[in-house]
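Read-outs: derived from the displayed coordinates by stated rules, not from any lab. Owing to the predicted nature of the structure, the values given are computational and were not obtained by experimental measurement. Cβ coordinates were reconstructed from backbone atoms using ideal geometry, including for glycine residues, and neighbour counts include every protein chain displayed.
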Amino acid sequence: MSIRMIEPHTTTPTTVVSNSTVVPGRIPSLDGLRAVSIALVFLGHVVGTRGAPQALNPFIHVGNLGVKVFFVISGFLITTLLLKEYSRTGRVSLSGFYARRTLRIFPAFYTYVGIIIVLQLLGFVALREYDLIHAITYTMNYHETRAWELNHLWSLAVEEQFYLVWPVMLCLLGPRRALVLAAAALFLAPLCRAIMWYELDASLTSMTRQFQAVADALATGCLLAGCYNYLGRKRWYTSLLASRGFILVPCLGVLLGAATAGHSRGLFYVLGQSIWNLAIALCVDRYVRFPATFGGRILNSRALVYVGVLSYSLYLWHALFLNQTNEEPWYTGFPQNVVLAILAALASYYLVERPFLRLKNRKSVTPPVHDLATSTATSKPPVLAEALPSPGFTVRVTQ
């Protein structure tokens, strides 16, 4: 079988560095990987709901793995977009970035929070003290006692905190130094987890939710985007990614990370999560570079792309129905809870999210993003260009 890799882009010295990940359309396989992520979250959270099959019980913790996939993808995608803009203009517009993120994230998010407030007033939901304050300020990952309906917003808080830090660092430090900082995070975050667990007696949830404890998942994606071309020039590496036996590598990584939990919780929190991040990054790189592989064709299928497009709304709304703490309402029982979560997500996407996405695309300074749902897995893949400046380049950053 012939496998075509997305080739690195050849650049020549210019005054403004052509050093970004240049993506003319939607990056292959990312929506499919988002679909896998949200499936893991659904699977982990349906366990324990009324009427859910007991056979699903061993999968109760896979939701955490699904969120880590989201984090690695987010780091990779955001860094790709920032470096692309830096290549084109010699700078990153923070105002433009935050305007796009606001239109992408806030409407659906605050619609969900608003409806939860209404449900609380009607007596269907019982929020805890300070839940709303932490929800609307994106600090839920530092709020220990949360109502289930807002519990899952911790991961969106981590994302927003990442958006506040990473683009600013890239502007202040430039691409090369910012990526060095991302590499340092791969070691600093596990160190933070070790201090939190062994010295500060941190809670279980803080070990997987607070920003300093999970920043390495996002940094792994950032570093993958920055080193994309460097890795693409390593024959042994691309040969490994392209090989049929590659699937054993991330599988072993996930199993090894899980095995650390069997040894001790501390070892899992400190080391096991880092192993998971690496395994996820390898999968992302494999299916971005080789979308025409069997797995790539599945990830780029219309069905998985569609689920991936819906993943944000699915994530927002699933907690209201896949409720492990309140079995009384009829809508939290299996299987109607899964069906209702999907229907609520569809309503959110088409009535709230998509109209604002259209507005975001009209206001965006970047070229329009093309939907993979209208393409095929064998279509000509986009080109990802050099992320780091080559020797001899002069970097110019305008403020």
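What percent does the relative contact order of the stretch 147-262 come to when contacts are Cα pairs within less than 8 Å and at least six residues apart? Walk me through the numbers on the way to the answer.
Details: 54 pairs, mean separation 28.0, N = 116.
Computed value for the stretch 147-262: 24 percent relative contact order.
Find how much the distance from VAL165 to GLN336 grows on full extension, using 0.36 nm per residue of separation minus their present alpha carbon separation; answer in nm with one decimal. List each step's numbers first, then the result.
Values: separation 171, 0.36 × 171 = 61.56 nm, distance 3.99 nm.
Extra length available between VAL165 and GLN336 comes to 57.6 nm.
With an 8 Å Cα cut-off and a minimum separation of 6 or more residues, compute the relative contact order for the stretch 8-385 in percent. Could you put the intermediate results ahead of the total?
Working: 547 pairs, mean separation 120.0, N = 378.
Worked out over the stretch 8-385, it gives 32 percent.
How high is the relative contact order of the stretch 258-357, given as a whole-number percent (alpha carbon pairs under 8 Å, six or more residues apart)?
Working: 60 pairs, mean separation 17.6, N = 100.
The normalised contact order for the stretch 258-357 reaches 18 percent.
Could you go through the stretch 309-324 in sequence order and give the Karplus-derived ³J(HN,Hα) for each residue, using 6.51 cos²θ - 1.76 cosθ + 1.60 with θ = phi - 60°, rounded to whole Hz, and x for Gly and Pro?
4, 7, 4, 5, 5, 4, 5, 4, 8, 5, 5, 5, 9, 8, 9, 7
Under the 0.36 nm per residue contour assumption, what length would be gained going from the current alpha-carbon distance of LEU132 and GLU328 to full extension? Spell out each step's value before the answer.
Numbers: separation 196, 0.36 × 196 = 70.56 nm, distance 2.32 nm.
Between LEU132 and GLU328, full extension yields 68.2 nm more.
Quick one: dipole size for the stretch 67-160, taken about the Cα centre, charges +1 on Lys/Arg Cβ and -1 on Asp/Glu Cβ, in debye to the nearest 20. Present the calculation step by step, with values, prior to reporting the outcome.
Numbers: 9 positive and 7 negative charges, 109 e Å.
Once rounded to the nearest 20, the dipole reads 520 debye.
When you count, for each residue, the other Cβ atoms within 10 Å and take the mean per peptide, how do 114-123, 264-273, 89-98 rank with the highest first?
Working: 114-123: 12.9, 264-273: 19.2, 89-98: 14.8.
By packing density, highest mean first, the sequence is 264-273, 89-98, 114-123.
In whole Å, what are the extents of the stretch 8-385 along the principal axes defined by its C-alpha atoms, from largest to smallest?
64, 49, 41
Using alpha-carbon positions, what is the distance between the centroids of the stretch 200-218 and the stretch 66-134, in Å?
Each part's Cα centre sits 19 Å from the other's.
Full extension from SER264 to ILE115: what is 0.36 nm times the residue separation minus their Cα-Cα distance, to one decimal in nm? The partial results should precede the final answer.
Working: separation 149, 0.36 × 149 = 53.64 nm, distance 4.03 nm.
In short, 49.6 nm is gained.
Which order, highest average first, do 249-262, 340-353, 215-228 follow once you tally other Cβ atoms within 10 Å for each residue and take the mean per peptide?
Details: 249-262: 15.8, 340-353: 18.2, 215-228: 26.5.
Those peptides, ordered most packed to least, come out 215-228, 340-353, 249-262.
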